[in-house]
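*Asks:* I have a structure here, written as C-alpha cells, and I will follow up with some questions on it.
The values are calculated or read from the model by the stated rules, or taken from the named source; none is laboratory data. Since the structure is predicted, the reported quantities are computational estimates derived from the model, not experimental observations. Neighbour counts run over all protein chains shown; Cβ positions are idealised from the backbone, glycine included.
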Amino acid sequence: MDAAAAPVFPSTPHLAHRHTSAIEDAVTLVAGAWLLAGTYVDGWAHNNLPDLETFFTPWHAILYSGFAASALWIASLTWRRRAPGTSWRAAIPPGYGPAAFGVVLFLASGAADFAWHSVFGIEQNIKALFSPSHLGLATGGFLILGAPFAAARRHPVERGALRLVPAVVSAMLCGMVAAFILQEFAVFARHGLIQTYAGSAGGPRVVTEPTSSAIIVALGSFFVSTAALFVPVLLLALRWRLPGVVPAAMAFVPSVALQFMVALRDAWLVPVAAIGAALVGAVWLALRPAPEHPVRLAAALALAPVVFWGPYFAVVAIRDGALSFSPEVWGGILAWTGLEMLALAALALRPLRDRT
C-alpha cells in the first residue's frame, strides 16, 4: 500500500491528551463513591425505617450531592478537552461517553422519582426495587461509575498498574450497584435464604426440609449474587494479571456493604465473607491466572464462587446445627455457581483465542 492510500490515524500523543489520566479517573471514583454511599444509605433507610413520608431526606441529600459532584466533574473533563469548532460529543474523553449519557439518565430519573413519590408515596422494602425511576437511577449510576474502567481499557499507552487501580475500583463499584438493585437476591444480606424453620413465634426454631420453590429461589439468588461479585473480576482479568488481593477484595467489600445496609441483622456473616474472600485470594495465588493463560484463568473463575460460598453453607450449618438443604442441593448449588462462571469465562475468552 503506498503512502497516499494509507489510512491516516491520529498520532499517539494527539490521542493521549484526550484520554483521562489515572488521577482524573480517581477523582471520578471519589465522586462516584460519594454517590454510591448515598445509594446504600438510602437503601438502609428503605429497609429499616417504616415511616418514610418525604422525598427530602438526609440520605437523598448524600445521593444527589454525590451525583452533582459526578456530573460537574464529567462536564469539566469534557470542557477542558473541547477544541474550538468541534462538537461537545467529540470532546468527551474516551470511555466516558456512557457516563455522559448516565448523567442525563440519572437527572431525568431523579426528576421522575420526585414525581413518582409525590403521586404514589415512598416505597418500602422490595417495592423500592421495582420502581421505574429507581431502576433509571441505578442504570445512570452504573454508567457513571463504569467510566474509569472503560477509560482504562481504551487507553492506548497506559496499560499497567497505573490503570489497574482505578479500573478495579470502578468495576467493583459497578458490581455494588448491581448488588444493590438486586438486593433481594443478595446471599450475604441474610442467612435464611438456605434455611427453612418451624416453630412457634418466640419459641425455639427447628430446621426443616425446604420446599422445591425455596430451593429454586435459593439457586436463583446464588446465580445473581455470583454474577454481581465475579463478573467484574472476569472483565478485569481479561485485560490485566490480577494480584490475589483484588478478587478477594471484590468479593468481600460488596458483601459487607450489603450487611451494613440491612443494619447488620446477620453481623456474623461478615467474618464468613472474610473467610470466603481469603479462599478466593488463595485460589488466585495458586493458579496465577492471566490473560495469556486462558485455561488457568477459566479454572480460577470457576473455583472462585465455589470456595467463596462454601464457608457460607458451612457456618450456617454449624450455627443452626443443621442445614435445610441436603448435600445434593447445597453441593449442586456450589457446582452451578462454578459452572456459571466457567461458561461466562469461556464465552469471554473465545474472542481472545480467535485473535491469537
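*Asks:* Regarding segment 39-61, can at least one residue be identified that is among the small types (Gly, Ala, Ser), loosely packed, with under 14 Cβ neighbours inside 10 Å, at pLDDT below 95 and closer than 20 Å to Leu107 by Cβ? Can you show your working first?
*Replies:* Filtering segment 39-61 down to residues among the small types (Gly, Ala, Ser) leaves 43, 45, 61.
Next cut, loosely packed, with under 14 Cβ neighbours inside 10 Å only: 61.
Those still in the list that are at pLDDT below 95 too: 61.
Those still in the list that are closer than 20 Å to Leu107 by Cβ too: 61.
Yes, segment 39-61 contains at least one residue that is among the small types (Gly, Ala, Ser), loosely packed, with under 14 Cβ neighbours inside 10 Å, at pLDDT below 95 and closer than 20 Å to Leu107 by Cβ.
*Asks:* Right, something else. What pairs come out if I take residues in segment 298-325 that are closer than 20 Å to Phe223 by Cα and pair them with residues that are not β-branched (Val, Ile, Thr) and not in a helix (DSSP H, G or I) whose C-beta lies under 6 Å away, six or more apart or interchain?
*Replies:* Ala300/Pro289; Val316/His191; Ser324/Gln195; Ser324/Pro210
*Asks:* What tally of residues in segment 267-308 results from selecting those that are closer than 13 Å to Thr337 by Cα and in contact with a Ser or Thr (Cβ under 6 Å, 6 or more places away or on another chain)?
*Replies:* Number of matching residues: 1.
*Asks:* Search segment 62-83 for residues that are loosely packed, with under 14 Cβ neighbours inside 10 Å and pair each with any residue that is assigned to a helix (DSSP H, G or I) and among the aromatic types (Phe, Trp, Tyr) when their beta-carbon atoms are under 9 Å apart and the residues are at least 6 apart or on different chains.
*Replies:* Partner pairs satisfying both residue conditions: Trp79/Trp88.
*Asks:* Please specify each residue of segment 299-323 satisfying the condition of being among the β-branched types (Val, Ile, Thr) and in a loop (DSSP other than H, G, I, E, B). Can you show your working first?
*Replies:* Filtering segment 299-323 for residues among the β-branched types (Val, Ile, Thr) gives 306-307, 315-316, 318.
Across segment 299-323, there are no qualifying residues.
*Asks:* Only one of these conditions is not met by Phe120: (1) crowded, with 21+ Cβ neighbours inside 10 Å; (2) farther than 21 Å from Leu35 by Cα. Which number is it?
*Replies:* Condition not satisfied by Phe120: (1).
*Asks:* Can you name the residue in segment 240-286 that is more than 25 Å from Arg296 (Cβ to Cβ) and among the aromatic types (Phe, Trp, Tyr) and, of all such residues, is surrounded by the fewest Cβ atoms within 10 Å (Cβ to Cβ)?
*Replies:* Trp268
*Asks:* Inspect segment 24-38 for any residue being exposed (fewer than 15 other Cβ atoms within 10 Å of the Cβ), modelled with pLDDT of 75 or more and more than 21 Å from Pro254 (Cα to Cα) and give the result as yes or no.
*Replies:* No, segment 24-38 contains no residue that is exposed (fewer than 15 other Cβ atoms within 10 Å of the Cβ), modelled with pLDDT of 75 or more and more than 21 Å from Pro254 (Cα to Cα).
*Asks:* Scan (1) of a type outside the set (Val, Ile, Thr); (2) surrounded by fewer than 21 Cβ atoms within 10 Å (Cβ to Cβ); (3) in the same structural domain as Pro93 (by TED's automatic domain parsing); (4) modelled with pLDDT of 85 or more for the single condition Gly160 breaks and write down its number.
*Replies:* Gly160 satisfies every listed condition except (4).
*Asks:* Pairs under 9 Å by beta carbon, first residue aromatic (Phe, Trp, Tyr) in segment 19-37, partner surrounded by fewer than 16 Cβ atoms within 10 Å (Cβ to Cβ), six or more apart or different chains?
*Replies:* Trp34/Ser65
*Asks:* Does any residue in segment 230-242 that is assigned by TED's automatic domain parsing to the domain that holds Ala343 and at positive phi come within less than 9 Å, Cβ to Cβ, of a residue that is among the polar types (S, T, N, Q) and modelled with pLDDT under 95 six or more places away or on a different chain, and which pairs are these?
*Replies:* none
*Asks:* Report yes if Ala214 is in contact (Cβ under 8 Å) with a residue 40 or more places away in the chain, closer than 20 Å to Arg265 by Cβ and more than 23 Å from the chain's Cα centre (by Cα), otherwise no.
*Replies:* Answer is yes for this residue.
*Asks:* Kindly check whether there is at least one residue in segment 349-356 that is modelled with pLDDT under 95, in the same structural domain as Leu235 (by TED's automatic domain parsing) and in contact with a helix residue (DSSP H, G or I) (Cβ under 6 Å, 6 or more places away or on another chain).
*Replies:* First pass over segment 349-356, keeping only residues modelled with pLDDT under 95: 349-356.
This time we only want the ones that are in the same structural domain as Leu235 (by TED's automatic domain parsing), so: 349-356.
Going one step further and asking which of them are in contact with a helix residue (DSSP H, G or I) (Cβ under 6 Å, 6 or more places away or on another chain), we end up with 349.
Yes; the residues of segment 349-356 include at least one that is modelled with pLDDT under 95, in the same structural domain as Leu235 (by TED's automatic domain parsing) and in contact with a helix residue (DSSP H, G or I) (Cβ under 6 Å, 6 or more places away or on another chain).
*Asks:* Check segment 339-353 and report whether any residue there is buried (at least 18 other Cβ atoms within 10 Å of the Cβ) and under 30 Å from Val206 (Cβ atoms). Quick ask: steps written out before the conclusion?
*Replies:* Taking segment 339-353 and keeping what is buried (at least 18 other Cβ atoms within 10 Å of the Cβ), we get 340-341, 344-345, 348-349.
Checking which are under 30 Å from Val206 (Cβ atoms) leaves us with none.
Looking through segment 339-353, none of the residues is buried (at least 18 other Cβ atoms within 10 Å of the Cβ) and under 30 Å from Val206 (Cβ atoms).
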